[in-house]
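The values are calculated or read from the model by the stated rules, or taken from the named source; none is laboratory data. What you are looking at is a predicted structure, and each value in this text was computed from that prediction instead of being measured. Here the Cβ positions follow ideal geometry from the backbone for every residue, glycine too, while neighbour counts run over all protein chains shown.
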Amino acid sequence: MSNEKVLEVRNLSKVYGKGCLKCFESTGPEHNTNICPHCGSVVAAHNISFDLYKGEVLGIMGESGSGKSTSVKNLFFDENPTSGQAIFFDEGKQYDLFNLNAQQKRHLRNHRFGMVYQNPVLGLNFNVSAGGNIAERLLMSSLSNYSEIRERAIELLRRTEVLTERMDEMPKNFSGGMQQRVQIAKALATNPPLLFLDEVTTGLDLSVQAAILDLIMEIQRESDTAMIAVTHDLGVIRLLAGRTIVMKYGRIIETGLTDQILEDPQDAYTQRLVASAL
Amino acid sequence: MSIQPILEVEDFSKTFMLHEQGKELPSSHSVFLKAYPGRLTALIGPTGAGKSTVLKGIYRTYLPSSGRMMFTAENGQQIDLASADEHQILELRKDEIGFVTQFLHTLPRQSTEDVVAMPLIKKGMDRTVAIEKAREILGQLNLPERLWGVSPATFSGGEKQRVNLARGLLAQPRLLLLDEPTASLDPKTTDRVVDLIQNLKSTGTAMIAIFHDMDLVERLADEVVELEPPVGTENFFNSSNEVA
């Protein structure tokens with residue numbers, strides 16, 4: 001990890017619904033809900049602020065509906081935030097993420113960001129082969145020569161331990177763990193400085209989970225990629241993240257070094273969460 | 001002789017707030033101590049005096065409730081570990097502050113020599129060189145060579161402890177925290193550990209250590225700080241007994 005900032009998020013909020021003036025004051029952990037009682041809107045995330053440094057893995061932990069995935073989806077342009085600011089620092093340039101035009105957003109998504117979804121259907125194109133999925137992403141970047149692209153795709157699949165003999169097969173023929181590896185290979189294709197991991201191991205067999213986590217840790221050791229890992233799994237947080245944010249009802253309720261969050265949690269909710277771990 | 005302390009802990013206290021039980025549990029109260037380059041400060045006191053809590057507070061695994069912990073970084077910067085930014089703490093853990101505990105948490109899929117070499121690799125050392133150094137120190141600590149290539153997950157307590165020590169000592173931090181590093185070692189291996197700690201001291205590493213054995217305190221400590229259990233802990237245990 002170095003002292004270079006990759007991402008700075010300030011006061012990110014996302015409301016689903018028409019929203020009203022009382023939405024924020026009537027929701028959150030102290031109200032035990034993220035649904036505004038006045039207008040019925042869902043406050044999925046409110047006042048989310050954090051910094052991410054080069055080579056760092058930041059964990060975002062919380063139960064379903066806590067807003068952890070929403071935060072990441074806004075940063076990857078899958079959703080548009082209601083308010084807030086996010087600055088991405090890249091090769092001496094600064095990008096004000098929520099004030100970019102569609103073309104600039106596409107550029108960052110295709111070249112500088114990587115995303116691995118819980119559901120491979122979201123991250124992979126199921127109408128083309130595994131190799132084709134990676135080629136798609138490479139075609140959008142600088143590589144245009146067929147053999148170069150195929151060479152790079154083979155290299156990526158080998159690194160993520162996908163049998164390269166199967167690269168011309170369709171993703172639907174692959175197991176869940178294998179689909180996840182292809183997704184990771186695709187996300188890494190352009191060597192992005194920022195990688196989002198949204199519940200990447202949820203729903204996989206334990207042995208497959210372990211292999212995927214090993215792969216992510218290896219990538220982290222070998223590159224300076226900054227990562228945001230969204231998960232409800234304390235084990236994943238313990239393994240991957242140096243720092244952790246705990247969310248509930250759309251709000252950050254606690255943030256700290258991961259070992260401190262796990263051994264000396266401050267908030268009552270985090271204490272319960274940690275105490276209920278197996 | 002006037003060597004400057006690398007760490008100065010002033011009036012450190014830690015109280016755990018247990019929300020579920022609605023209780024406060026005082027663990028360390030008003031601790032003062034200093035650590036100097038090339039010297040070892042031993043923490044002594046009965047069980048419950050909060051010795052481990054002080055070490056975890058310095059490492060920031062526990063958030064201190066009050067007090068200051070002024071650390072002088074290699075670049076001369078004065079950092080209060082109690083309030084330092086998390087990124088700054090992570091940097092210090094990587095480069096300057098090490099912790100050897102009684103317990104070892106590792107992945108069942110990582111070999112012992114990898115575990116020991118990891119801090120050096122993270123600092124940027126070439127992998128083969130780091131592994132070479134890891135093997136050397138594992139040998140010095142009498143860990144049988146047949147174990148180097150397998151994961152420490154299934155090791156005995158004493159073997160795990162040696163892996164932990166090997167990793168902590170090899171990293172040569174500027175400040176090393178040791179929490180009962182020899183608790184389950186035989187006398188012969190303990191002697192090796194004493195030698196290695198002496199060697200590391202002579203290179204300038206400052207240490208704060210908890211030993212269960214007073215003989216080790218006598219052999220290794222340059223300063224001794226005695227802790228008392230915080231006032232009120234008896235009450236805590238009494239009241240919880242009443243509830244039960």
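Side notes on the structure shown:
- Summed over the range A:249-278, the residues that are within 12 Å of another protein chain (Cβ to nearest Cβ) and in a loop (DSSP other than H, G, I, E, B) give a count of 5.
- Some residue of the range A:165-181 being in contact with a Lys or Arg (Cβ under 7 Å, 6 or more places away or on another chain) and more than 11 Å from every other protein chain (Cβ to nearest Cβ): no
- Residues (surrounded by 22 or more Cβ atoms within 10 Å (Cβ to Cβ) and in contact (Cβ under 8 Å) with a residue 40 or more places away in the chain) located in the range B:180-209: B:Pro181, B:Val193, B:Ile197, B:Thr205, B:Ala206, B:Met207, B:Ile208, B:Ala209
- Whichever residue in the range A:11-46 is of a type in the set (D, E, K, R) and exposed (fewer than 14 other Cβ atoms within 10 Å of the Cβ) and, among such residues, is farthest from A:Leu195 (Cα to Cα): A:Lys22
- Exclusive hit being among the basic types (Lys, Arg) and more than 30 Å from B:Lys123 (Cα to Cα), set A:Arg181, A:Arg137, A:Arg112, A:Arg221: A:Arg137
- A single entry from A:Val200, A:Val230 fulfils the requirement of being within 15 Å of the chain's Cα centre (by Cα), in a loop (DSSP other than H, G, I, E, B), touching a residue at least 60 places away in the same chain (Cβ under 8 Å) and away from chain B (no Cβ under 14 Å): A:Val200.
Every residue, every condition in (1) closer than 30 Å to A:Gly62 by Cα; (2) surrounded by fewer than 15 Cβ atoms within 10 Å (Cβ to Cβ); (3) among the acidic types (Asp, Glu), yes or no:
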site: A:Ala135; (1), (2), (3): no, no, no
site: A:Leu138; (1), (2), (3): no, no, no
site: A:Glu151; (1), (2), (3): no, yes, yes
site: A:Glu155; (1), (2), (3): no, yes, yes
site: A:Arg166; (1), (2), (3): no, no, no
site: A:Arg181; (1), (2), (3): yes, no, no
site: A:Ala189; (1), (2), (3): yes, no, no
site: A:Leu194; (1), (2), (3): yes, no, no
site: A:Val200; (1), (2), (3): yes, no, no
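- Exactly one residue out of B:Gly139, B:Gly168 is part of a helix (DSSP H, G or I), farther than 26 Å from B:Thr61 by Cβ and not β-branched (Val, Ile, Thr): that is B:Gly139.
- If only residues of the range A:47-95 that are of a type outside the set (D, E, K, R), at pLDDT below 95 and farther than 29 Å from A:Glu25 by Cβ are counted, the one that is surrounded by the most Cβ atoms within 10 Å (Cβ to Cβ) is A:Gly55.
- Filter result for B:Leu147 (over 30 Å from A:Phe50 (Cβ atoms), away from chain A (no Cβ under 13 Å) and under 18 Å from the mean Cα position of the chain (by Cα)): no
- Only one of B:Ile131, B:Ile121 that is facing another protein chain (nearest Cβ under 10 Å), surrounded by fewer than 20 Cβ atoms within 10 Å (Cβ to Cβ), among the hydrophobic types (A, V, I, L, M, F, W, C) and closer than 26 Å to A:Gly55 by Cβ: B:Ile121
- Taking (1) modelled with pLDDT under 95; (2) over 19 Å from A:His232 (Cα atoms); (3) within 20 Å of the chain's Cα centre (by Cα) in turn, A:Gly131 satisfies each apart from (3).
- One residue stands out among those in the range A:1-29 that are within 14 Å of another protein chain (Cβ to nearest Cβ) and among the acidic types (Asp, Glu): the one that is nearest to B:Glu91 (Cα to Cα), which is A:Glu4.
- The lone criterion from (1) more than 10 Å from chain B (Cβ to nearest Cβ); (2) within 17 Å of the chain's Cα centre (by Cα); (3) not in a strand (DSSP E or B) left unmet by A:Val246 is number (3).
- Among (1) touching a Cys at 6+ places or on another chain (Cβ under 8 Å); (2) within 14 Å of chain B (Cβ to nearest Cβ), the one test that A:Leu58 misses: (1)
- Restricting the range A:203-227 to residues that are crowded, with 17+ Cβ neighbours inside 10 Å and not in a helix (DSSP H, G or I), the residue that is modelled with the lowest pLDDT: A:Leu204
- Of the helices (runs of 4 or more DSSP H) lying entirely inside the range A:48-163, those containing at least 3 residues that are in contact with an Asp or Glu (Cβ under 9 Å, 6 or more places away or on another chain) span A:68-75, A:130-140.
- Strands (runs of 3 or more DSSP E) contained entirely in the range B:8-107, each with at least 2 residues that are buried (at least 16 other Cβ atoms within 10 Å of the Cβ) and within 13 Å of another protein chain (Cβ to nearest Cβ): B:23-35, B:97-100
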